[in-house]
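I have placed the structure first, in the form of structure tokens, so that the comments after it can refer back to it.
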Amino acid sequence: MLDPVMRIVKETEIPIGQFLPTHLTRTQSLLEQSIQFAGMGGNIDFTVRGQELHFPITTGKALHMALDGGVSIDQITLSSDSNGSMPIFDEKGKIIKLAVGDIQNLYLEWKGLVEEGFLLEDVLKMVTSNPAKRVGIGGSKGSIEVGKDADQLILDKDLKIESVMAKGLMMVHQGKVLVKGTFEV
């Protein structure tokens, strides 16, 4: 739970912005406490699910609860454990195997939120400008503005990835991957 973090924020000089709670959809009480944390001025992060990683609370439900609880969309990020090891637990909490976070999970969850009826411009902030601001690179990343890096994601009308440009280099064009990462085949 977030009790130690909330206590640190209340009882010390450490600014609340130093913390970014994540994996908040694991339990109802953790999600509710994260909404309280955001009410104190903190930022929160929802980790996306995957084929083998299922949290008890969907990202859509968590987002509804946060927004209904007065949390601004600007305080929320959406992230993945892409290419990281993902422990899979049984009903008693025992690790039964390790899976690998799929790099597409973030995109699929983001797209799913739009399909659930969340505003495209709001959900887009959760994976662009909000994370850039959190890590201190909002001046060069996270939005399309004069003087910022030439990073662009172009989607078709069905929200399928058409093209991706990073630092001015075309990475995906017309749906075809041109540049792959170290761990991609």
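Looking only at region 115-153, residues that are within 14 Å of the chain's Cα centre (by Cα) and over 13 Å from residue 76 (Cβ atoms) come to 3 in all.
Identify the residue in region 1-58 that is basic (Lys, Arg) and under 23 Å from residue 116 (Cα atoms) and, among all such residues, is nearest to the chain's Cα centre (by Cα).
Quick first cut of region 1-58, residues basic (Lys, Arg) only: 7, 10, 26, 49.
If we keep only those that are under 23 Å from residue 116 (Cα atoms) too, we end up with 26, 49.
Details: 26: 15, 49: 10 Å.
Of everything passing the filter in region 1-58, 49 is nearest to the chain's Cα centre (by Cα).
Exactly one residue out of 139, 175, 93 is loosely packed, with under 15 Cβ neighbours inside 10 Å, touching a residue at least 12 places away in the same chain (Cβ under 8 Å) and out of contact with any Leu (no Cβ under 7 Å at 6 or more places or on another chain): that is 175.
Of the residues making up region 97-112, at least one is among the basic types (Lys, Arg), over 14 Å from the mean Cα position of the chain (by Cα) and farther than 14 Å from residue 47 by Cα. When 148, 133 are checked against the criterion of being among the basic types (Lys, Arg) and modelled with pLDDT of 90 or more, a single residue qualifies: 133.
The set of residues in region 11-22 being part of a helix (DSSP H, G or I) and in contact (Cβ under 8 Å) with a residue 12 or more places away in the chain consists of 16, 17. In this structure, residue 124 does satisfy being surrounded by 13 or more Cβ atoms within 10 Å (Cβ to Cβ) and in the same structural domain as residue 80 (by TED's automatic domain parsing). Of the set (1) small (Gly, Ala, Ser); (2) in a loop (DSSP other than H, G, I, E, B); (3) at pLDDT below 90, all apply to residue 117 but (3). The number of residues in region 120-143 being in a loop (DSSP other than H, G, I, E, B) and in contact with an Asp or Glu (Cβ under 8 Å, 6 or more places away or on another chain) comes to 2.
The values are calculated or read from the model by the stated rules, or taken from the named source; none is laboratory data. Just so you know, these numbers come straight off a predicted model, no measurement behind them. Please note: Cβ atoms are built from the backbone with ideal geometry, for glycine as well, and neighbour counts cover all protein chains shown.
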